[in-house]
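**Q** I'd like to ask some things about the structure below.
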Amino acid sequence: MKYRGKAIVVGDNVNTDEIIPAKYLVTTDPAELGEHCLEGMDPGMPARINEGDILIGGKNFGCGSSREHAPVAIKGKGIPCVIAAGFARIFYRNSINVGLPIFECPDAAKDAEAGDEIEVDPSKGKIENITKGKSYTVQPLPPFIQEIIEAGGLMNYIRRNRWLRATR
């Protein structure tokens with residue numbers, strides 16, 4: 001599966017409270033959380049994000065608390081993946097756990113500008129900035145991580161594989 005969309009560019013050290021402010025943590029509904037995605041950075045930001053846009057961050061993206069709500073909000077907004085110069089470790093793991101593919105690529109993050117057309121091929125480890133005619137190589141997601149993403153997250157992956165074992 002490839003992802004293609006317009007770049008939404010944010011800076012360094014975007015924390016989980018900027019991704020989804022704490023006042024919205026009363027729900028786990030992805031669509032409801034998505035309505036407020038990145039509202040902590042700019043109250044008007046959710047209205048400027050369209051389904052399919054690709055989020056581009058700087059260094060230490062997702063720092064702060066360990067809330068899983070942050071990657072859930074990103075997915076709930078319809079953002080198919082995140083590219084950043086670097087990720088906070090707990091955000092990286094939470095993203096995989098909820099089925100949000102993320103890619104660490106400092107050069108792609110540095111070169112991207114808001115509105116650039118971006119295409120990501122996770123199985124090949126390729127990011128293209130179509131607007132600028134530039135390609136970047138990232139480590140492809142390992143097959144088991146791709147399976148978790150394709151299942152929609154770790155819990156779905158476990159349910160699917162538990163069922164498979166039971167039928168063998």
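Values in this text are rule-based calculations from the coordinates and carry no lab data. Source: prediction; values computed, not measured. Quick reminder, even Gly has a Cβ in these numbers, built from the backbone with ideal geometry, and neighbours come from all protein chains shown.
**Q** If you look for lysine pairs in the chain that are eight or more places apart or on different chains, how many of them have Cα atoms under 17 Å apart?
**A** Pairs that pass both the separation and distance tests number 16.
**Q** Once every DSSP H run of n ≥ 4 in the chain is given -39500 (n - 2.57) and the sum is divided by its residues, what mean residue ellipticity at 222 nm do you get, rounded to the nearest 500 deg cm²/dmol?
**A** After summing the helix terms and dividing by residue count, I get -9500 deg cm²/dmol.
**Q** Which of the peptides 91-98, 113-120 is most tightly packed, and how do the rest follow, judged by the mean count of other Cβ atoms within 10 Å per residue?
**A** 91-98, 113-120
**Q** Could you compute how fast segment 3-167 diffuses translationally, taking Rh as the Kirkwood radius over C-alpha pairs and applying Stokes-Einstein at 10 °C with viscosity 1.306 mPa s? Give it in µm² per second.
**A** Answer from the Stokes-Einstein relation: 101 µm²/s.
**Q** Something else now. What's the exposure ranking of Lys59, Lys134, Lys77, Lys124, going from fewest to most Cβ atoms within 10 Å?
**A** Lys124, Lys134, Lys59, Lys77
**Q** List the relative contact order of segment 14-168 as a percent without decimals, with contacts defined as Cα pairs under 8 Å and 6+ residues apart.
**A** Here the relative contact order equals 18 percent.
**Q** Now a separate question. If you average over every viewing direction, what projected area does the convex hull of the Cα atoms of segment 1-73 give, in nm²?
**A** Here the figure is 5.0 nm², rounded to one decimal.
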